[in-house]
1. Can you grab the distance from the C-alpha centre of the range 38-103 to the C-alpha centre of the range 17-35, Å, no decimals?
2. Between Ala146, Ala42, Ser30, whose Cα lies farthest towards the positive end of the dipole of the chain when Lys and Arg beta carbons carry +1 and Asp and Glu beta carbons carry -1, centred on the Cα centre?
3. Taking K and R as +1 and D and E as -1, what net charge do the other residues with C-beta under 14 Å from the C-beta of Val41 add up to?
4. Restrict the search to the range 78-145; then list the GluC sites (Glu not before Pro) that DSSP places in a loop and that have at most 14 other Cβ atoms within 10 Å of their Cβ.
5. I need the peptides 81-87, 38-44, 28-34 ranked by packing, meaning the mean over residues of other C-beta atoms within 10 angstrom, with the highest value on top.
6. Points 7 angstrom from Cα along the Cβ direction at Ala151 and Glu13: gap in nanometres?
7. Fewest first, what order do His36, His100 take by the number of other Cβ atoms within 10 Å?
8. Can you give the FRET efficiency to the nearest 0.05 for Gln142 and Leu83, using r as the Cβ-Cβ distance and R₀ = 41 Å?
Amino acid sequence: MAWTAAALPRAGETFPSFTAADVTGQKQQSASFLGHGTLVVAITDRHGGDAMQAWYETADRRMPESVRRLSILSFDLPFFVSLKTAQGKARNRIPERYWHDSLLDRDGAMAKALGMEESPLPFVLALDPSGRVLASFHGGVQSSGADSIWAAFSSLAPPTKSP
């Protein structure tokens, strides 16, 4: 995994460019999300899956369809849990249409590179189409302050449809 930044970006900063494996084991590049608003939800605790799912269920109701999703699952798992096992468990919980948008590591490297501590609560970022952070939040979808994420996406102009 290659990173060009070493701390969680804040509003106005650019999300780091990186390559990482998705839950199928294929390499994905963050640059593939450019051109779209993107909701990034990262969990750093293997018990954070329900909190991540709550963000996505709410996103289904509140987010424009043009906004993409990027999931970062970055855990410091015990040595006896293989990457293949972790990928299989993730695929069981993630709808197949999001498998290539769900990046996973079992040693916590992505979280460390982004400046995220281990936490059962998700780290959430709203990115504009150029990859700049519009808003960031650390907490559950029902927590005070979570609305900053939805407000950031409402500021994005809807895509223009071609005739």
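1. So the separation of the two Cα centres works out to 14 Å.
2. It is Ser30, whose Cα lies furthest towards the positive end.
3. Net of charged neighbours comes to -1.
4. Glu117
5. The peptides rank, most packed first, as 38-44, 28-34, 81-87.
6. Calculated label separation equals 2.1 nm.
7. His100, His36
8. Efficiency, rounded to the nearest 0.05: 0.80.
Laboratory data are not the source of any read-out in this text; all were calculated from the coordinates shown. As the structure is a prediction and not an experimental result, all values here were calculated from the model. All Cβ positions, even for glycine, are placed from backbone atoms using ideal geometry, and neighbour counts span all protein chains on display.
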